[in-house]
1. In segment 96-130, which residues are closer than 17 Å to Ala11 by Cβ and aromatic (Phe, Trp, Tyr)?
2. Any idea how many residues of segment 24-41 are more than 22 Å from Val90 (Cβ to Cβ) and either open to solvent by 50 Å² or more (accessible area, probe 1.4 Å) or touching a Phe, Trp or Tyr at 6+ places or on another chain (Cβ under 9 Å) (or both)?
3. Which of the numbered conditions does Phe66 fail, given that it passes all the others? Conditions: (1) open to solvent by 60 Å² or more (accessible area, probe 1.4 Å); (2) more than 17 Å from the chain's Cα centre (by Cα); (3) touching a residue at least 60 places away in the same chain (Cβ under 8 Å).
4. Can you pull out every residue in segment 85-130 that is of a type in the set (Val, Ile, Thr) and either touching a strand residue (DSSP E or B) at 6+ places or on another chain (Cβ under 6 Å) or open to solvent by 40 Å² or more (accessible area, probe 1.4 Å) (or both)?
5. Which count do you get for residues in segment 69-95 that are touching a residue at least 60 places away in the same chain (Cβ under 8 Å) and either over 23 Å from Leu10 (Cα atoms) or of a type in the set (S, T, N, Q) (or both)?
6. Answer yes if at least one residue in segment 42-52 is crowded, with 16+ Cβ neighbours inside 10 Å and either at pLDDT 95 or above or touching a Cys at 6+ places or on another chain (Cβ under 8 Å) (or both), and no otherwise.
Amino acid sequence: MLTDAGLLRLAYVANILILVPICWNMFFGSGVSNAFEGKVEESAGLRLLVGSLWLAILVGSVAGLFLPRFFAPIILIQIFYKSLWLLAFVLPLVMAGKSDQVPWGISTTFIAIVVSYPFLFWFSGVWRTA
C-alpha cells in the first residue's frame, strides 16, 4: 500500500516523465509546434511562457519527491489550469465540430491528469495537520 506521501510522489514522477522531454523541446527543440501538434501558432513569447510554466512544475516536482506535502500545491495548480484549458479551448472546439483542430496528444495527457490527480491529492491527506 502506498503511503500518503507515496500518492503525491506518483504525481511528481508522472510530471517528471512527461515534462523532461516537453521542456527540452520548449527550450532546445521544436517548441510549441511539437507539443501542440502544430495546432497552436508558434511564437517565441508563447514558447517561453509555456516552457517556463512547465519548467517550474518540473523543478517543483523534483523537489516534491523529497518534500511531497510541501510541494502539493503544484498538483492543485495543474488540476486547475489544465481543467480551465480543457473547458475554454478544447471543449468549444469539440462542441463546434472542430475536433480536428484539437491537439489530442496534450489534451489526452491533460484529461488523464485532471481525472487522476484529484484522487492522488485527496487520498494523500495533504490538508491534515497531524
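The values are calculated or read from the model by the stated rules, or taken from the named source; none is laboratory data. On a predicted model such as this, the values are computed, not experimentally measured, just so you know. Note that each Cβ is placed from the backbone with ideal geometry, even for glycine, and that neighbours are counted across all protein chains shown. Accessible surface is based on the protein model in full, side chains and every heavy atom, while ligands, DNA and RNA are left aside. Shrake-Rupley method; radii C 1.70, N 1.55, O 1.52, S 1.80 Å.
1. Across segment 96-130, the qualifying residues are Phe110, Tyr117, Phe119, Phe121, Trp122, Phe123, Trp127.
2. Taking segment 24-41 first, the residues more than 22 Å from Val90 (Cβ to Cβ) are 24, 27-29.
Subset that is either open to solvent by 50 Å² or more (accessible area, probe 1.4 Å) or touching a Phe, Trp or Tyr at 6+ places or on another chain (Cβ under 9 Å) (or both): 24, 27-28.
Summing the residues that are more than 22 Å from Val90 (Cβ to Cβ) and either open to solvent by 50 Å² or more (accessible area, probe 1.4 Å) or touching a Phe, Trp or Tyr at 6+ places or on another chain (Cβ under 9 Å) (or both) in segment 24-41 gives 3.
3. The number of the failed condition is (3).
4. Those that are of a type in the set (Val, Ile, Thr) and either touching a strand residue (DSSP E or B) at 6+ places or on another chain (Cβ under 6 Å) or open to solvent by 40 Å² or more (accessible area, probe 1.4 Å) (or both): Val94, Thr108, Thr109, Ile111, Val115, Thr129.
5. Going through segment 69-95 one residue at a time, the tally reaches 1.
6. So in segment 42-52, the residues crowded, with 16+ Cβ neighbours inside 10 Å come out as 47, 50-51.
Then drop every residue that is not either at pLDDT 95 or above or touching a Cys at 6+ places or on another chain (Cβ under 8 Å) (or both), which leaves 51.
Looking through segment 42-52, at least one residue is crowded, with 16+ Cβ neighbours inside 10 Å and either at pLDDT 95 or above or touching a Cys at 6+ places or on another chain (Cβ under 8 Å) (or both).
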